[in-house]
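Only one structure is covered here, and it is reproduced in the block below.
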Amino acid sequence: MRDANPGAVYLKDYCAPAFLINRTELHFDLGEEETIVTSRLYLLRSPEIAGEPVLSLQGQELELLEVSIDNELLPASAYRQTEDSLVVDGVPEQCVLTCKTRIRPQDNTSLEGLYKSHSMFCTQCEAEGFRKITYYLDRPDIMSVFTVTIEADAKRYPVLLSNGNLLESKLLESGRRQVLWHDPFPKPAYLFALVAGDLEYIEDTFETASGNNVTLRIYVEPKDLGKCDHAMDSLKRSMRWDEETFGREYDLELFNVVAVDDFNMGAMENKSLNIFNTSCVLCHPDITTDQGYQRVEAIVAHEYFHNWSGNRVTCRDWFQLSLKEGFTVFRDAEFSSDMGSRTVKRIEDVNLLRTAQFAEDAGPMAHPVRPESYIEINNFYTRTVYEKGAEVVRMIHTLLGPEAFRAGSDLYFERHDGQAVTVEDFVCAMEDASGADLQQFRRWYSQAGTPHLGVRDSYDEAAQTYTLEVSQSCPPTPGQTEKEPFVIPLAMGLLGEAGNLPLRLQGEEADPETADNTHMVLIVDQPAQQFVFEGVAERPVPSLLRGFSAPVRLGYDYSREALCQLMSRDDDGFVRWDSAQALATQVITQVQQQLAARQTVVVDPLLLQACAQLLADESLDPAMVAEMLTLPGESYLAELAGEGAADVDAIHSAHLAVHRAMGESMTPLLLARYKDLAVGENYAPRGEQIAARALRNLCLSYLAHADSQHLTLARAQLDAADNITDRLAALRVLAFYGDEADWSEPMAAFYHDWADETLVVNQWLAVQAAIPDANAIQRVRELMQHKDFDLRNPNKVRSLVGTFAGRNPVNFHRADGQGYRLLVDIVAELNASNPQIAAGLLTPLTRWRYYVGRADLMRSELERLAAREDLSPDVYEVVTKSLQ
Ligand code: B3K
Ligand code: ZN
């Protein structure tokens, strides 16, 4: 085994920078063969550092042409170059350092730094991409005012963009154009952006609360001009919402969004020049599903919200990443909740958290929300930093209440505007504004792992008291064997025969003023605690962890009858859903045992009846019913099974059996609802329509699984649909519940119809990658040869390979190891061209310790990768940590 931590960076080693860069002037000469970047850095020795500091600038894959200080060319003896730095001795206290470098964006396949996507130049600098553009102090605590000139062929690149305001644009005699951009707000280099291309835009305006007019533009390839309205609308709603909810206004006169096809992630919040993956900005009923519309709205909002939580106040170092990401995910989730159904949004988020983040917390890459070390920072844009980080902010919101939380957020922005700060600064602002003591609460930032909350109860009929005994523990994670108790807000209620009961804790006065005394937040902050409720007239069913008030695993031994009661009658929508999931999980696990014992499969009628009741109730929100009738996913069930206990084939068979039984037992009702939920009007991505389609398509899948004669409904839906949501749902039903003969022709026809729409072709690839038939591996290998597949395009890789590894468990985990081999072959290839994407694809393989009968196969594939000498730091880190 090689050194597990070569080149690791540690939080404890943080040192303030020796130099500051007050101003940064960049000149770009963009060309087809080469691009010349000239930078002028206005350096100032930091007053905080004693002695004569050495200037060490970061740079990667740069060809240095010349360096000068205050316009005096430096001889080669005055500086040293290493593979990733430029070191200059004897730099005066204050000076201008000029560097001229040559780069080749057209050959940059890592999609970090300056690169080309089709014919367009664009950038991605977070986290450490700026060093691929020029030598710089590429760290977020260096905040500088940027002035940028760009020069390029005027015909090929009529649009030349950077951050801030456009000050000048002129045609040069050579047929080239030169533009000058200036951003008045100091920013770290990771927020720098440049775009050059033949683009068109849609434009709108927004008047801020203070009366400033902002021009909003979305730039796309001309063919996509008709697909920008939803993003523009989402942007305007985000701007208004942030004013109203957080008191945050936009601060420049221009806000640009650019859509790019080749992009490593969803989008990037560069100051006033957000760059978006086309898949996260373009919308049209023919290319975007209902979920896609909601995703675009959320991502547009997320990137816009970063203007304050991330840009105006940024991170001191990358260990603080959750300072901006956790907070901004919390903000975008609140925004989405206000735009649509709060409960449904919460259910979606918790589903993701419990499936992906809990698995991360229980695996070899587990790390605290504020990690303590990393080899490659790109590996730490994780579910833990983002989603668990947002949960931590949500808990602060719950503990402080909305008004004090808002006061804390106001204080944070006011106190730290223009600064690069830490998670500690955020928590301090929350404490200072509210008077709360969050000392123990801070452990959520420093301790990894998902806490387990054990709850037991007892009822004393004579005394009319009800007691909850709550205990907490947290499993060990890499580098952290012992954990101290967390502060866990446990939102709860008690359900009685006639509804939720009034709550009064022993020793506390009943408050007649409290309008809602059926809901309470208990603070669990010790290893074991007792809560005694008085005046409880009947034995209640506890409604626990309402709204998922803390990111913990709840352990309470519910009977199926109790779950049914909560499911149908509790006040809290989240608990209703969660109880349905818990009931379904119990039933699936039981079927798994029946199958293992070769017994006849009996699906508990309690589940079937409860589901039928929900489906029949037309007064309920169909979106909520759809969530409640969706069985827990196979990967969530594997995650619940625990280390060494997930039997992927057994889970799959049991899941199928229960799914089919639900379809069979509810057929007439499913048919009736399938009919009455048909949307009569033209497609619109509006709440009621989205809800109706979600439930209707779920009915279709149950029907087709129960009886293949219902595949005709899917065929008819595919032909009649006026939107891709219904088309893809129908196609998926044909492919999942029919034979190849049922789907091969419609699949080909679908491609034929939509071959010109890249984003539709990507979804077509994803549907096929997820089909659980025996032919999947061969199909994926063949699709990799398809003319529309391209290993250099991250969207295509995620659609085909990511979907296969993440959403086709029976095939990824084939007993002959072919699934693992396929993934590792692809990772090995991508390791050289795009290490970030390569490392990301490995996630499902890192869970090897979970799988019964597969662990050895999975580990040996990881070892095959580990044996390679050419591993990028990204892949190296994931592979070695997974094998430890
Ligand atoms: N801040 C970017 C993510 C950058 C990822 C770099 N590997 C997008 C976002 O979270 O808003
Ligand atoms: Zn973000």
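Numerical summary
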{"read-out": "Sites E63 and Q785 - FRET efficiency at Förster radius 35 Å, r taken between beta-carbons, to 0.05", "value": "0.45"}
{"read-out": "Charge dipole of region 329-402 about the Cα centre (unit charges at C-beta), most positive-ward option of N379, L352, L400", "value": "L400"}
{"read-out": "Table column - 3J(HN,Hα) (Hz), region 254-264, Karplus curve with 6.51, -1.76, 1.60, x for Gly and Pro", "value": "9, 9, 10, 10, 10, 9, 10, 7, 9, 8, 6"}
{"read-out": "Over the chain: helical MRE at 222 nm, DSSP H runs n ≥ 4 each giving -39500 (n - 2.57), nearest 500", "value": "-12000 deg cm²/dmol"}
{"read-out": "Leading residue at positive end of dipole, the chain (Cβ point charges), from Q58, Y42, L468", "value": "Q58"}
{"read-out": "Region 121-132 - phi-based ³J(HN,Hα) in whole Hz, Karplus 6.51/-1.76/1.60, Gly and Pro as x", "value": "8, 8, 10, 9, 9, 6, 8, 10, x, 4, 5, 8"}
{"read-out": "Residue among N811, M662, I133 farthest towards the positive dipole end of the chain, charges placed on Cβ", "value": "N811"}
{"read-out": "Computed magnitude of the charge dipole of region 1-78 (debye, nearest 20; Cβ of K, R +1, Cβ of D, E -1)", "value": "560 debye"}
{"read-out": "Cα-centre dipole for region 1-156 with unit charges at Cβ (Lys and Arg positive, Asp and Glu negative), debye to 20", "value": "220 debye"}
{"read-out": "Rounded to 10°, Cα long-axis angle of helix 667-676 versus longest principal axis of the chain", "value": "50 degrees"}
{"read-out": "Cβ-derived FRET efficiency at R0 25 Å, E508 paired with S458, nearest 0.05", "value": "0.80"}
{"read-out": "Proximal aspartates and glutamates to K787, defined as alpha-carbon separation beneath 17 angstrom and excluding residues fewer than eight positions away on the same chain", "value": "D261, D262, D753, D756, E757"}
{"read-out": "C-alpha long axis of helix 818-833 to longest principal axis of the chain, angle in °", "value": "20 degrees"}
{"read-out": "Reachable lysines, given that their alpha-carbon falls under 21 Å from the alpha-carbon of K170 and they are not under 8 places away in the same chain", "value": "K155"}
{"read-out": "The chain - charge dipole about Cα centre, Lys and Arg +1 at Cβ, Asp and Glu -1, debye rounded to 20", "value": "1360 debye"}
{"read-out": "Too-long pairs where the Cα-Cα distance tops 22 Å, listed order kept, from K187/K227; K187/K236; K100/K132", "value": "K187/K227; K187/K236"}
{"read-out": "Residues whose placed amide H lies under 5 Å from that of L254, excluding near-sequence neighbours", "value": "T215"}
{"read-out": "At most 16 other Cβ within 10 Å, DSSP loop - trypsin sites (Lys or Arg not before Pro), region 832-869", "value": "R868"}
{"read-out": "Net charge contributed by nearby residues that have their C-beta within less than 13 Å of A646 (K/R +1, D/E -1)", "value": "-2"}
{"read-out": "Mean Cα-pair separation over length for region 431-587, i.e. relative contact order, pairs under 8 Å, 6 or more apart, %", "value": "26 percent"}
{"read-out": "Whether the chain is rounded, prolate or oblate, judged on the alpha carbon gyration tensor where a/c under 1.5 counts as rounded", "value": "prolate"}
{"read-out": "Residue-by-residue Karplus 3J(HN,Hα) for region 96-104, coefficients 6.51, -1.76, 1.60, Hz, glycine and proline x", "value": "10, 9, 10, 10, 10, 10, 10, 10, 10"}
{"read-out": "Principal-axis tilt of helix 229-246 within the chain, Cα atoms, nearest 10 degrees", "value": "80 degrees"}
{"read-out": "All lysines inside 26 Å of K388 as judged from Cα atoms, apart from same-chain residues fewer than 8 positions distant", "value": "K12, K271, K324, K345, K483, K881"}
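Read-outs throughout are calculated quantities, based only on the coordinates presented, and are distinct from any laboratory measurement. What you are looking at is a predicted structure, and each value in this text was computed from that prediction instead of being measured. Backbone-built Cβ (ideal geometry, glycine too); neighbour counts: all protein chains shown.
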